[in-house]
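*Asks:* My structure is below; once you've seen it, I'll send some questions.
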Amino acid sequence: MIIAVDGPTASGKGTIAKALAAHYGLPHLDTGLLYRAVGRQCLLDGGDPDDPVAALAACAFPEALLADPELRSEASGGLASRVSVHPAVRRALYERQRAFATQPGGAVLDGRDIASVIAPDADVKLFVTASTAARAQRRYAEMQAQGRAITLDAITADLAARDARDAARKDAPLVVAEGAVVLDTSALNRDGAIAAAIALVDARNA
Ligand code: C5P
């Protein structure tokens, strides 16, 4: 079974994808991490993330970079959203994601274009979303727990900028794919969101 989980930043899609993978015994790929690694590598190379040539070169990042905690920062998220605009970067990361999705037994992938581009053949497509205020509040709590100094206003502005960039880009914009079920987690806590997602997957497979 292939499960595609798409949605905007801090919607809860990563938490949901991980929980679905554990529940159904499937491997999980956080595809945002790949784009974050490209963004971070580009910065380390001294390249401009808005330059398609520099961003494409950064796709050859070393595997060890995926374990770098810095990839979880807001700064890395911003860089990821800039390098992910380039079609050449999306093409360079396609095979890796497609191979993961089509491995025997299935997989859970979360990102922005899983149901629309990487695995349009997914058995279940979830689009996880939440209001900007709810998402900003969650991200703020996460950053505080990690001891990162950042204000709620800065996070809200950053989320809005990334949403706009992800939705407006020409190649693989963030969209609700055909056949996807929308799960709004604004009013749900972690366990409630996971339970709702499992119920949706079970209903799709019934
Ligand atoms: O999900 P996450 O916040 O880690 O993603 C970081 C950025 O990477 C997103 O804002 C988006 O621009 C990009 N991304 C993408 N396609 C994906 C996953 C992430 O364009 N499948």
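The values are calculated or read from the model by the stated rules, or taken from the named source; none is laboratory data. In this text the structure is predicted, and so the values were computed from the model without any measurement. Here the Cβ positions follow ideal geometry from the backbone for every residue, glycine too, while neighbour counts run over all protein chains shown. Just the protein is used for accessible areas: all its heavy atoms, side chains included, with ligands, DNA and RNA removed. Shrake-Rupley method; radii C 1.70, N 1.55, O 1.52, S 1.80 Å.
*Asks:* Tally Lys and Arg at +1 and Asp and Glu at -1 over the other residues with C-beta under 14 Å from the C-beta of Ala180: what net charge comes out? If you can, show how the numbers build up before the last one.
*Replies:* Numbers: positive: Lys13, Arg112, Lys125, Arg204; negative: Asp6, Asp110, Asp113, Asp121, Asp123, Glu178, Asp184.
Residues near Ala180 contribute -3 overall.
*Asks:* Two decimals is fine: what's Rg over Rh for the chain, C-alpha atoms, Kirkwood radius as Rh?
*Replies:* 0.95
*Asks:* Taking the Cα centre of the chain as origin and charging only Cβ (+1 Lys, Arg; -1 Asp, Glu), how large is the dipole, in debye to the nearest 20? Mind showing how you got there, number by number?
*Replies:* On the way: 22 positive and 25 negative charges, 27 e Å.
Here the size comes out at about 120 debye.
*Asks:* What is the percent carbon and sulfur in the accessible area of the chain, measuring with a 1.4 Å probe over the protein chains and ignoring ligands?
*Replies:* 57 percent
*Asks:* Compute the accessible area per residue over the chain, keeping the other protein chains in place, probe 1.4 Å, unit Å².
*Replies:* With all protein chains present, the chain gives 45 Å² per residue.
*Asks:* Lys and Arg at +1, Asp and Glu at -1: add these up for the other residues within a Cβ distance under 15 Å of Ala54 and post the number.
*Replies:* Values: positive: Arg40, Arg82; negative: Asp45, Asp48, Asp50, Asp51.
Every neighbour counted, the sum reads -2.
*Asks:* Same structure again: May I ask you to list the residues of segment 31-46 whose amide nitrogen lies under 17 Å from a point 7 Å from Cα along the Cα→beta-carbon direction of Ala75?
*Replies:* 36-46, by backbone N distance to the label point.
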